[in-house]
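The values are calculated or read from the model by the stated rules, or taken from the named source; none is laboratory data. As the structure is a computational prediction, the values presented were derived from the model and not from experiment. Methodologically, a virtual Cβ is constructed for each residue, glycine included, from the backbone with ideal geometry; neighbour enumeration extends over all protein chains shown. The accessibility values were calculated without ligands, DNA or RNA, using every heavy atom of the protein model including side chains. Shrake-Rupley method; radii C 1.70, N 1.55, O 1.52, S 1.80 Å.
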Amino acid sequence: MDAPAKHLRLLTETIAAVNSTLDLEEVLGLVARKVAEALDADACFVYLYDDQAGELVLRATHGTRVEEMTRTPRMKPGEGITGTAAAERAPIMIPAQAHLDERFKAFPNLPEDQYESILAVPILARTKLAGALNVRTIEPREFSQAEIDLLVAIAGQVAQTIEHAKLYADAQARVSELEALAKISEAVSESLYLEESLEAIVKTTMEAVGATGAALVLEDGNIAWPGGRAGAHAIRLPLRWKRRDIGELVCDRDIPFTEPERALLTSIAHHAAVALEHGRAVMRGVLAQEIHHRVKNNLQTVASLLRLQARSDEVDPRKALEDSVNRILAIAAVHEVLTQRRDEEVELDELLDRLRAMLVQGLGAEKHVETELAQISLAGDRATALALVFSELLQNALEHGGSSVRVELAQRNGQVVLAIADDGAGIDGEAGGGTGLSIVRALVRDELRGTLELNSNGGLRAEVVFPA
C-alpha cells in the first residue's frame, strides 16, 4: 500500500475510533493511543486549552504517564515546544535532542527528556484554539512532510470531536447540577426538621462537586452541620436571606473549584438559606404552639389552685393572696426554664435552687437554708407539679420551722426523693393541714404518682418519693 493510501486509512480509522464515544476522557485517551499508533510513535501527549485560565492543560498521554501525587502539567501558549506550536497555529518538528531546544519546557513529573524527537501541532476548531498534541520517539526521527500533514489532518478532525465531547460533558455536568439542586429542593420542601434539611444539603453539596468536606456555618459562628474533612482549597459562600447574611456555606476540596462549580455552589447556598429560614419558621411555629399549650395548662392549674383557695376556711385574705402569688411564681419558674432551654425536660437542681432563692427573698426569712441537690431531669408537666410541692413545703418550713432548713434531692433505686427538714417544733407546731398541705398531697398522689411522709422528730421532715 502506498503512503497516501496508508495515511488516508490511518486518518479514517483514527477519526472513526475517537467518534465512537462522547465521553471526553475516553475521547482524549483514544486520541493519544490512535495518534501514536498511526505515526508509529513511542508516546503521544494531548493538551486541552482552558479558556478561563488561558493555559494548555495535559489531559491524556500514551506511552508514558504523569507521576502521581504531583501537579498536572500546564503551560501558556508560547511556552515550550508544544505551546509554541499552539501559539503560532503551525506544526513544529525537531528530529533529535528536542530537550536541548531553547523552547523546551521541562516538567518534573513528566519524563519528556527521555525522547529525542518531537512533532507538535495545534488542535484548532476552525480558527479557535482547542488544544495541542505532540508525538515523541525515543530514537531520533525525521518526520516526513506527509506524516506532518497526516498529524495536522488528524488534529483538525479531532478538534470537532473534542468540541462535541466538551459540549456533552458540559450537558452532563448541567444535568448533575440540576439533579443536585432538585435533591436539595426536595429536602427543603419535604422535611419539617431543620437538621434533616441541613444534612441533606451538605451531603448533596459534597457529591455534586466531589468535595472532601462541607459545612453550614450560622451567623453566630456555630456549625449547623459539618461533613467530611478539610482540603487544600476552600470556598466560602454567604447564605443571604432578604439582603441579610444568615450564615455561610463552606466547601473543601483537594483541587481548585472551577467557575461552573462556583456557580453551582452559589445556587446551593441560596437553597441552604431558604432551608434555614424555612426550618426556623417551622420551629417558631412549633415552639409557639408548644408555648400556647403550656400557658393554657398553667392557667388551668392556677385556676384550680385559686378555686381550692376560695373553698378554704382560712380567713386571712392577705395570707391567702401571698400563698397564691408564690404558687403562680413557682409555675412561672418552670415555664421560664422550659422556654429558655427549648427542651421537654427540666433540670430539677437548677429549678429548685431558683425557687429556693425566690421564696427566701420573698418571705424575708433570715434563716440558713442548706441544699444538697443531685442532677435529675424531669418532664415539664411533672416538673410543674414538683415545683408546687417544693414551694409549699419550703414555704411551710420557712414560716413555721426553726432557724435552719435542709433540702435534699436524690435518686435512689429508680425513685426520686425530695426531702425538706427543719429544726422547728415539729408537726404540733406547724400546719398539719390546711390548703397548702392538701395541694401537696393531691399533687404527689395524682401528678407524681408518689407518696408523702411527714416525720416529726426534733423538727419536721417532709419526704416526697415518686418514680423517676
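Does a label point 7 Å from the Cα of Lys128, set along Cα-to-beta-carbon, have any residues of segment 34-64 with amide nitrogen under 20 Å, and which are they?
Counting backbone N atoms under 20 Å from the label point, the list is 47-59.
Estimate the FRET efficiency between Asp446 and His368 by the formula 1/(1 + (r/R0)^6), using the beta-carbon distance for r and 30 Å for R0, to the nearest 0.05.
0.35
Using R₀ = 60 Å, calculate the FRET efficiency as 1/(1 + (r/R₀)^6) where r is the Cβ-Cβ separation of Ala106 and Lys242; round to 0.05.
The value I calculate is 0.65.
Per residue, what accessible area does segment 342-416 have, given a 1.4 Å probe and all protein chains present, in Å²?
On a per-residue basis, 46 Å².
Would you mind giving the average projected area, over all directions, of the Cα convex hull of segment 83-164 in nm² with one decimal?
Mean projected area of the Cα convex hull: 5.6 nm².
Past the 32 Å Cα-Cα mark, which pairs from Lys166/Lys242; Lys34/Lys128; Lys105/Lys166?
Cα-Cα > 32 Å for Lys166/Lys242; rest within.
Which residues' amide hydrogens lie under 5 Å from the amide hydrogen of Ala468, considering only partners 5 or more residues apart or on another chain, with H built in the peptide plane?
When sequence neighbours closer than 5 places are left aside, the close amide H contacts are Gln415, Val416.
At a Förster distance of 51 Å, what's the computed FRET efficiency of Asp353 paired with Ala234, Cβ-Cβ distance as r, to 0.05?
0.65
Under the rule of at least 5 residues apart or a separate chain, name every residue whose amide H is placed under 5 Å from the amide H of Gly231.
Answer set, sorted by chain and number: Arg253.
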